[in-house]
Amino acid sequence: MIKTDILIIGAGPTGLFTVFEAGLLKLRCHLIDALPQAGGQCSEIYPKKPIYDIPAYPEILAGDLTDKLLEQSKQFEPGFTLGERAETIDKQEDGSFIVTTNKGTKHHAPVVAIAGGLGSFEPRKPPIPNIADFEDKGVEYIIRDPEVYRNKNVVISGGGDSALDWSIFLTDVAASVTLIHRRNEFRGALDSVDKVQELKDAGKIRLITPAEVIGISGKEKVTAVEVKQKDKENFIIETDHFIPLFGLSPKLGPIGSWGLEIEKNAIKVNNALDYQTNIPGIYAIGDVNTYPGKLKLILCGFHEATLMCQSAYKRIFPDKKYVMKYTTVGGVDGFDGTRKEAPKAVIKKIE
């Protein structure tokens, strides 16, 4: 049983910043995320995309923002359960909660903060009848370790940034890269489209458009895909991997059955006070929540996390009074023994 003060479901930017704000209040945090690494969409979907509306950063890459949030929260020693999805929640007699993941890992905390972004992401799968038979056997919907494709033949399907970017990247890794798209036009960054054109002209990428993969064959793993191309007969491409990159579809998943008040796939909260849900002790912050005037922005999630932590402190320590001090005045004491503080003023006579 993993015990903590605040159990955070979702390790995206809002969840990571919650660790810092809770740490200032001497509250420990543990985070659960279905993705294999912290950062949420910023790490999984668009790590190299710039974000322009983070205070004090005229421009910052999404992946770099994740790295800085992890660095900021490091001194508060958060725990992580990654690659597991929060499945069930059970309220205890003392008002605390036990959350169990799909792999059976149990977490116990007096406060639960749902910071799951738009929810758990499920890949959009092409309508190929037997595709499920080859998942993790040559069919992958997300590329996590490019080295898996070293010296392999790879077929990528899709027409967005992910399909373009990974096709470009894997030309230096895979034995061959084939990119298939059902249209001639691609919806992605102009420089990526131009780069794919350049690699196609150089014979480093095989581009097939307008076309789509309609079948997969193999025994224990993928050995070939069947392609349907406009105005041509169907044909077979031998390959070691088929990677359909059609994006991810957000879903609340099991959280939607926890008895929370839901509105349009988002969790309703009390934004006039502390972003608490209809169940006392469970909060929802960031893109996963909804209230009048809600804006789905990372900076709004940071604000919600700050107020939520203040409320969580009062819930955990109802008899204690917390007096907020600015970090410029009080400094920051980490659980690892580190301390950050402004230089102390020196009294010195000027001759």
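The values are calculated or read from the model by the stated rules, or taken from the named source; none is laboratory data. Keep in mind that what you see is a predicted model, and the values were worked out from it rather than measured. Because the Cβ atoms are built from the backbone with ideal geometry, glycine has one as well, and the counts that use them run over all protein chains shown. Keep in mind that these areas ignore ligands, DNA and RNA; they rest on the heavy atoms of the full protein, side chains included. Shrake-Rupley method; radii C 1.70, N 1.55, O 1.52, S 1.80 Å.
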Self-check item: Isotropically averaged projected area of the chain, using the convex hull of Cα atoms (one quarter of hull area), nm²
Solution: 24.8
Exercise. Could I have the simple spin-label model distance between Lys137 and Glu226, label points 7 Å from Cα toward Cβ, reported in nm to one decimal?
Key: 1.7
Practice problem: Round to a whole angstrom and tell me the spacing of the C-alpha centers of the stretch 252-323 and the stretch 154-220. | Solution: 41
Quiz item: Ranked from highest to lowest mean number of other Cβ atoms within 10 Å per residue, what is the order of the peptides 61-73, 22-34?
Solution: 22-34, 61-73
Practice problem: Using amide H atoms built 1.01 Å from N in the peptide plane, name the residues 5+ places from Arg85, or on other chains, whose amide H lies under 5 Å from its own. | Solution: Asn102, Lys103
Quiz prompt | Rough spin-label spacing in nm, given labels placed 7 Å along Cα→Cβ, for Thr306 and Gln37 | solution = 2.9
Practice problem: Take the chain, connect every pair of alpha-carbon atoms lying under 10 Å apart with a spring to form a Gaussian network, then pick out the residue of Ala163, Ala56, Ala174 with the largest mean-square fluctuation. | Solution: Ala56
Exercise. For the stretch 303-351, compute the number of Lys pairs whose alpha carbons are separated by less than 28 Å, excluding pairs fewer than 8 positions apart on the same chain.
Key: 10
Quiz item: Okay, helix-only estimate at 222 nm for the chain: each DSSP H run of n ≥ 4 adds -39500 (n - 2.57), divide by all residues, round to 500 deg cm²/dmol; what do you get?
Solution: -6000 deg cm²/dmol
Practice problem: Among Pro58, Pro292, Thr239, pick out the residue whose Cα is farthest towards the positive end of the charge dipole of the chain, where Lys and Arg carry +1 and Asp and Glu carry -1 on C-beta, about the Cα centre. | Solution: Pro292
Quiz prompt | Stretchable slack from Lys48 to Asp201, in nm (0.36 nm times residue separation minus alpha-carbon distance) | solution = 52.5 nm
Practice problem: Please work out, to two decimal places, the log10 of the ratio I(q)/I(0) at q = 0.16 Å⁻¹ from a Debye calculation in which every Cα of the stretch 177-247 carries one identical scatterer. | Solution: -0.62
Quiz prompt | Within the accessible area of the chain (1.4 Å probe), percent carbon and sulfur | solution = 51
Practice problem: Have a look at Pro127, Pro254, Pro110 and tell me which one the Gaussian network model of the chain (Cα, springs below 10 Å) gives the largest fluctuation. | Solution: Pro127
Quiz item: Kirkwood Rh, the stretch 1-69, all Cα pairs: how many Å?
Solution: 12.7
Exercise. Report the charge-dipole magnitude of the stretch 179-250 in Debye, nearest 20, computed about the Cα centre from +1 at each Lys and Arg Cβ and -1 at each Asp and Glu Cβ.
Key: 120
Practice problem: Using the structure shown, list the pairs from Lys49/Lys230; Lys74/Lys204; Lys26/Lys49; Lys91/Lys294; Lys26/Lys251; Lys48/Lys251 with a Cα-Cα distance above 31 Å, or answer none. | Solution: Lys49/Lys230; Lys74/Lys204; Lys26/Lys49; Lys26/Lys251
Practice problem: Run the quick spin-label model on His108 and Glu93: label points 7 Å from Cα toward the beta carbon, then report their separation in nm to one decimal. | Solution: 1.3
Exercise. Give me the accessible area of Met324, 1.4 Å probe, in Å² rounded to the nearest 10.
Key: 120
Quiz prompt | Cross-link partners of Lys3 among aspartates and glutamates (Cα-Cα below 20 Å; sequence separation of 8 or more within a chain) | solution = Glu21, Asp33, Glu77, Glu84, Glu87, Asp90, Glu93, Asp94, Asp336
Self-check item: Long-range Cα-Cα pairs in the stretch 297-351 (distance over 16 Å), rounded percent
Solution: 67
Exercise. Could you state, as a whole-number percent, how many of the C-alpha pairs of the stretch 133-241 are farther apart than 25 Å?
Key: 15
Quiz item: Under 13 Å from a point 7 Å along the Cα-to-Cβ line of Ala272: which residues of the stretch 279-309 have their amide N that close?
Solution: 292
Exercise. Please list, in chain and number order, the residues 5+ apart from Ile51 or on another chain whose amide H is under 5 Å from its amide H, with Hs placed from the backbone.
Key: Ile60, Leu61, Ala62
Quiz prompt | Charge tally in the Cβ shell below 12 Å around Lys325, where Lys, Arg are +1 and Asp, Glu are -1, Lys325 excluded | solution = -2
Self-check item: Residue with peak Gaussian network fluctuation, the chain [Cα springs, cutoff 10 Å], from Asp319, Asp333, Asp201
Solution: Asp319
Quiz item: So what are the stretch 226-351's ellipsoid semi-axes, whole angstrom, largest first, if each one is the square root of 5 times an eigenvalue of the alpha-carbon gyration tensor?
Solution: 48, 27, 14
